[in-house]
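Remarks on the structure that follows.
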Amino acid sequence: MSTSFPRPFLTLVGLTFVLSTAQAAPAFSAVEQGNYAVDPNHTQVVFSVLHLGFTNYAGFFSNASGTLALDPAQPAQSRLSVSIPVGSILTPSTKLTEELKTSEWFDVARYPKAEFVSSKITQTGTDTADIEGQFTLHGITQPLTLHARFIGAGQNPMNKTYTVGFQATGELKRSAYGIKTYVPLVADKVELSIAGAFEKAK
């Protein structure tokens, strides 16, 4: 007796296999050492603020660029530098998105980029690290610490490029960068969640 499976079922089985294989990521210590560049198509910086004490309102920045000099054997020797076009900001509200670009908020015309440059990396676990550095936003530079976790690494099946990914979190006070509009109705504290993908230089 022969059994015929519908094409959608076979596609689902194949996709499940690919995903399960991808999830078998190497240990961070086995990741390839070298110089990497930010993959802007798969990197997002999500920010969240408490709005009127009712909801945590989120938006994100995209089109990041930058470099990562990665040494998995000696993480403290690694270096990270990232630049984010502030004009890439996006929120669920088109009106708010445009308002945030004005001089009342980020003043994109005057300060088009935000930049983070690491100064110290401390390994905190087998796949985690604290990344201390200087963050420049709205023309002001302040220290910022990101808490990073290794997600996975391997050859991207789409473009055949060796890629490594991390998730990072952090927080800052926007008033420290001169962005004080509507504080405290819109919270001063900003929480960051960053999905970072990096492609190894060929």
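The values are calculated or read from the model by the stated rules, or taken from the named source; none is laboratory data. Quantities reported herein were computed from a predicted structural model and do not represent experimental measurements. A quick note on method: Cβ atoms are made from the backbone with ideal geometry, for glycine too, and the neighbour counts reach across all protein chains shown.
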Given the conditions (1) in contact with a Gly (Cβ under 7 Å, 6 or more places away or on another chain); (2) part of a strand (DSSP E or B), every one holds for Val46 apart from (1)
Filtered residues of the stretch 98-116 (kept if out of contact with any strand residue (DSSP E or B) (no Cβ under 6 Å at 6 or more places or on another chain) and of a type outside the set (Phe, Trp, Tyr)): Glu98, Glu99, Leu100, Lys101, Thr102, Ser103, Glu104, Asp107, Val108, Ala109, Arg110, Pro112
Assuming Thr124 fulfils every condition listed in (1) over 28 Å from Pro184 (Cβ atoms); (2) touching a residue at least 40 places away in the same chain (Cβ under 8 Å) apart from one, which condition is it? (2)
In the list Thr169, Thr145, Thr181, which residue meets the criterion of being closer than 22 Å to Val117 by Cβ and out of contact with any Ser or Thr (no Cβ under 6 Å at 6 or more places or on another chain)? Thr145
Residue list for the stretch 138-147, restricted to those being under 16 Å from the mean Cα position of the chain (by Cα) and not hydroxyl-bearing (Ser, Thr, Tyr): Leu144, Leu146, His147
Unmet requirement for Ile179, which otherwise passes all of (1) surrounded by 19 or more Cβ atoms within 10 Å (Cβ to Cβ); (2) of a type in the set (A, V, I, L, M, F, W, C); (3) within 22 Å of Tyr57 (Cα to Cα); (4) in contact with a strand residue (DSSP E or B) (Cβ under 7 Å, 6 or more places away or on another chain): (4)
Quick one: is Gln33 among the polar types (S, T, N, Q), farther than 30 Å from Ala187 by Cα, surrounded by fewer than 16 Cβ atoms within 10 Å (Cβ to Cβ) and at pLDDT 95 or above? yes
From Ser103, Ser88, residue being under 20 Å from Val38 (Cβ atoms) and not acidic (Asp, Glu): Ser88
Return yes when Ile131 is of a type in the set (A, V, I, L, M, F, W, C), in contact with a helix residue (DSSP H, G or I) (Cβ under 8 Å, 6 or more places away or on another chain) and free of Cβ contacts under 8 Å to residues at least 60 places away in the same chain and no when it is not. no
Return a yes/no flag: does the stretch 134-143 have any residue that is within 20 Å of Gly34 (Cα to Cα) and free of Cβ contacts under 8 Å to residues at least 40 places away in the same chain. no
Does Ser78 satisfy the criteria of being within 17 Å of Tyr36 (Cα to Cα), in contact with an Asp or Glu (Cβ under 6 Å, 6 or more places away or on another chain) and not acidic (Asp, Glu)? yes
Which of the residues spanning the stretch 151-175 are within 12 Å of the chain's Cα centre (by Cα) and aromatic (Phe, Trp, Tyr)? Phe166
